[in-house]
Amino acid sequence: MFSHVVIFWTDPKNPGAADALLAGMEKYLKPIPGVLHFHAGKMVPSHRPVVEQSYQVALNLVFPDKQTQDDYQVHPLHVDFVEKCFKPNCVKAVVYDFA
């Protein structure tokens, strides 16, 4: 399996950015072939200091292998998501890929 985790910091000048980003994930990313597991959501506050709490949205995808994830990256729906949802709503993203 190949895990692809993306952490998003939304534009603080846009109060609806997190919701728009999540809606775009459902519309553009969830239907892409090869995704075995799709989970997206907002940061959950914690009293534990070890828990990162500066971001607003996270995405966790699982693929059967790296090649499927590579194919996902160039899929037209992913390209649309980046242009229509990520760029207008985010100021930063960090990706964690692991197998």
Only listed residue being free of Cβ contacts under 8 Å to residues at least 40 places away in the same chain and among the β-branched types (Val, Ile, Thr), chosen from VAL94, VAL82, VAL57: VAL82
Residue that is farthest from the chain's Cα centre (by Cα), among those in region 1-14 that are in a loop (DSSP other than H, G, I, E, B) and closer than 14 Å to CYS85 by Cα: ASN14
Cross-chain or 6+ apart pairs with Cβ under 8 Å, region 21-34 first and within 13 Å of LEU59 (Cα to Cα), then exposed (fewer than 13 other Cβ atoms within 10 Å of the Cβ) and not charged (D, E, K, R): LEU22/GLY41
Qualifying residue in region 31-43 (condition: over 24 Å from MET1 (Cα atoms), of a type outside the set (A, V, I, L, M, F, W, C) and surrounded by fewer than 17 Cβ atoms within 10 Å (Cβ to Cβ)): yes
Subset of region 36-94 (residues that are of a type in the set (Ser, Thr, Tyr), under 15 Å from the mean Cα position of the chain (by Cα) and part of a helix (DSSP H, G or I)): TYR72
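The numbers here are math on the coordinates, done by the rules we state, and not lab data. Everything numeric in this text was worked out from a predicted model, so none of it was measured. A quick note on method: Cβ atoms are made from the backbone with ideal geometry, for glycine too, and the neighbour counts reach across all protein chains shown.
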